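To start, the structure under review is shown below, and the notes come after it.
Only the coordinates and a few stated rules stand behind these numbers; no lab work does. Keep in mind it's a predicted model, so treat the numbers as computed, not measured. Counting neighbours? That spans all protein chains shown, and the Cβs are built from the backbone with ideal geometry, glycine included.
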Amino acid sequence: MSAGTGAVPAATALLDAALGALADPLRRRTVELLAAGPRRAGELASALGVSAPTMSKHLRVLRQGGLVTDTAPTFDTRVRIYQLRREPLAGLHRWLADTERAWSDQLEAFAVHVGAHREP
């Protein structure tokens, strides 16, 4: 894609949103906690040692980044339970694997090039 076209493929936009959401250490720690299973926002705040408003802000960013969903149990709609969405993480994993493969291929080609141009 050339600069200035304005069109961003949907997969790229999703990856960008996920990476942006994971840019903060507290949000990465939140994802690590949620990897063990769904949790209430208050549990996450307590486990991470942050206030409820701070946790709410970070959960909103993770939700907007497509990494988490939230539900309200029928017994108390004031409570929000958060859980990871696997699809964006799988997309991130695919991107990382593709990027690692490309780097490995380039490094291998460079090693072959250097080996071919070594003086005896």
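A few notes on this one:
- In the set Leu67, Leu44, Leu48, only one residue is surrounded by 14 or more Cβ atoms within 10 Å (Cβ to Cβ) and closer than 21 Å to Trp95 by Cβ; that residue is Leu67.
- Segment 75-117, residues that are surrounded by 10 or more Cβ atoms within 10 Å (Cβ to Cβ) and among the hydroxyl-bearing types (Ser, Thr, Tyr): Tyr82, Thr99, Ser104
- Residues that are farther than 26 Å from Val61 by Cα, hydrophobic (A, V, I, L, M, F, W, C) and not in a loop (DSSP other than H, G, I, E, B) do not occur anywhere in segment 84-93.
- Residue list for segment 19-64, restricted to those being assigned to a loop (DSSP other than H, G, I, E, B) and touching a residue at least 24 places away in the same chain (Cβ under 8 Å): Leu22, Asp24, Gly37, Pro38, Val50
- Applying the criterion of being in contact (Cβ under 8 Å) with a residue 24 or more places away in the chain and more than 19 Å from Ala36 (Cα to Cα) to the residues of segment 80-101, the residue that is nearest to the chain's Cα centre (by Cα) is Gly91.
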